[in-house]
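The values are calculated or read from the model by the stated rules, or taken from the named source; none is laboratory data. Being a predicted model, the structure only gives us computed values, none of them experimental. Quick reminder, even Gly has a Cβ in these numbers, built from the backbone with ideal geometry, and neighbours come from all protein chains shown. Remember, those area values only see protein heavy atoms, side chains included, never the ligands or the DNA or RNA. Shrake-Rupley method; radii C 1.70, N 1.55, O 1.52, S 1.80 Å.
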Amino acid sequence: MKEDYSSLDLEDRIVYVLKSIYDPEIPVDIYELGLIYDIQVSHEEEVKIVMTLTTPNCPVADSLPIKVKEKVQSIEGIKKVDVVLTFDPPWSREFMSEEARLELGML
């Protein structure tokens with residue numbers, strides 16, 4: 001499914017899509033949760049996303065990176081998506097946005 005968000009630049013479109021993916025155990029999207037460490041977009045419209053999980057034993061360790069790749073790949077104009085899973089540095093609550101902390105009652 002191709003969505004129309006042509007008014008946004010490519011990186012903003014990627015963030016928009018990432019904010020539609022939720023951690024199945026925490027009612028916050030993976031972007032605000034701080035699971036996305038880096039987004040790189042090349043001149044050839046190839047994307048590299050460096051992400052982590054809340055724990056190495058996360059039940060969606062196999063499926064979440066695939067979901068991220070598929071959703072970002074569906075953005076018009078993107079030719080290739082590479083999702084790199086890392087645990088360095090390990091995720092911690094400090095990586096969460098203020099919005100996510102507010103949503104979870106941590107502020």
Of the accessible area of the chain, computed with a 1.4 Å probe and all protein chains kept, carbon and sulfur make up a percent value of 48
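Hey, can you find the accessible area per residue of region 10-104 for me, probe 1.4 Å, expressed in square angstrom? Please list the in-between numbers first.
Values: 5420 Å² over 95 residues.
Counting only protein heavy atoms, the per-residue value for region 10-104 is 57 Å².
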Asserting the computed 222 nm helical MRE of the chain (DSSP H runs at least 4 long, -39500 (n - 2.57) per run, divided by residue count, to nearest 500) equals -6500 deg cm²/dmol
Note: SER20 to PHE87 extended length (0.36 nm per residue) minus current alpha-carbon separation gives 21.9 nm
Rounded to the nearest 5, the percent of DSSP beta bridges in the chain running antiparallel is 50
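Dipole magnitude of the chain about its Cα centre, charges +1 at Lys/Arg Cβ and -1 at Asp/Glu Cβ only, in debye to the nearest 20?
260
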Here Rg/Rh (Cα, Kirkwood) for region 46-104 equals 1.02
Once normalised by the length of the chain, the mean sequence separation of its alpha carbon contacts under 8 Å that are 6 or more apart gives a contact order in percent of 29
Residue-ordered couplings for region 28-37, obtained by feeding phi - 60° into the Karplus form 6.51 cos²θ - 1.76 cosθ + 1.60 and rounding to whole Hz (Gly and Pro as x), are 9, 5, 5, 5, 5, 6, x, 7, 9, 8
For LYS19, the lysines lying under 18 Å Cα to Cα, once residues fewer than eight places off in the same chain are dropped, come out as LYS2, LYS48, LYS67, LYS69, LYS71
Most fluctuating of GLU76, GLU46, GLU94 in the GNM of the chain (C-alpha, under 10 Å) is GLU94
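Restricting things to Cα coordinates, could you compute the convex hull volume per residue of the chain in Å³?
Roughly 105 Å³ of hull volume per residue.
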